[in-house]
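FYI, it's all coordinate maths here, none of it is from the lab. All values reported here derive from a predicted model rather than from experimental measurement. Heads up, the Cβs are rebuilt from the backbone with ideal geometry, glycines too, and the neighbour counts pull from every protein chain shown.
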Amino acid sequence: MKSPIDSFVVVEKHRYKTAASFVVETLRQGILSGSLAEGTPLRQDELAEKFDLSRMPIRDALRQLEAEGLVDQEPHKGAVVATMAVDDIVEIFDMRVMAECAALKIAFPSLTKAGLEELSDILDAMDATSDADRLSELNQKFHGHLYREANRPRLQALIKSLHDSVDRYLRLLLVNLDYHNKSQKDHRIILEACLAGNQHAAVRALEKHLVGGRDEVVAFLARRQTSSQPT
């Protein structure tokens, strides 16, 4: 029987510094894209065979993905693709609000005209595509560029990790035209506040945007749970 892992494992190890980083990136993309569904077992022996590696880099990769919230270790089952509960989503987005608003406050005095023009170009690119992977990439790029001048690598790494934990759900929302339009409107309000030099308005708009994303993901999970229940 064909494994779901067969559909996306591509041997391009030469692009990565370590074998573990190659496995991490490949599995992460499989999880975020939905190729590896929630609850999919990630057996070390099978992964070692598919990646043509020893078990050590596989084990290290699974530990990193567990730290990112993308993999769970279940008793008697081992590693599986993590299933997000509503409480998990709420906690992650609440952490995003705290981390990203703090990052924007730190970055705000150092924002430049050229940097803000880059943000505008990213939003234009988002308007021009409906591809889920591209939208996810650009969405993360917008947020990353917004806080770039904070020069806080640990804080920015935390923000990326939190974003990655919920990215699989954001991808599903971003291809929904209503949500995409609302999200883009929020992005442009944040950008306009930055252009106007109004830090308070920019941070407030960012918080509102993230809380709105949280509520949309929670509603999406509730709808999915309802539709999966037997009638």
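Measure nothing but the geometry: give the 0 to 90° angle between the long axis through the Cα atoms of 19-33 and the longest principal axis through the Cα atoms of the chain, rounded to 10°.
Roughly 70 degrees, rounded to the nearest 10.
Let me confirm the definition first: pairs of Lys residues in the chain, 8 or more apart or on different chains, C-alpha distance under 14 Å. How many are there?
5
Using a simple charge model, +1 on the beta-carbon of Lys and Arg, -1 on the beta-carbon of Asp and Glu, nothing else, what dipole does region 86-228 show about its Cα centre, in debye to the nearest 20?
The dipole magnitude comes to about 240 debye.
Using the alpha-carbon atoms, what tilt in degrees (0 to 90, nearest 10) does helix 86-107 show relative to the longest principal axis of the chain?
So the inclination is approximately 50 degrees.
Can you give me the relative contact order of the chain as a percent, contacts being Cα pairs under 8 Å and 6 or more apart?
Relative contact order of the chain: 20 percent.
For labels at ALA37 and ALA125 in the simple 7 Å Cα→Cβ model, what's the distance in nm?
So the label points at ALA37 and ALA125 sit 3.3 nm apart.
Let's test the formula: R0 of 25 Å, r as the Cβ-Cβ distance of GLU49 and VAL218. What FRET efficiency results, to the nearest 0.05?
Rounded to the nearest 0.05, the efficiency is 0.05.
Kindly state, to the nearest 0.05, the FRET efficiency for ASN151 paired with GLN64, given R0 = 35 Å and r defined as their beta-carbon distance.
0.90
So what is the 222 nm mean residue ellipticity for the chain from helices alone, if each DSSP H run of at least 4 adds -39500 (n - 2.57) and you divide by all residues, rounding to the nearest 500 deg cm²/dmol?
Using -39500 (n - 2.57) per qualifying helix, the result is -23000 deg cm²/dmol.
Run the simple label-point estimate for VAL86 and ASN176 please: 7 Å along Cα→C-beta, distance reported in nm.
About 1.5 nm, to one decimal.
Label 7 Å along Cα→Cβ of GLN199; region 123-154 residues with amide nitrogen under 13 Å?
Residues 150 qualify, since their backbone N sits under 13 Å from the label point.
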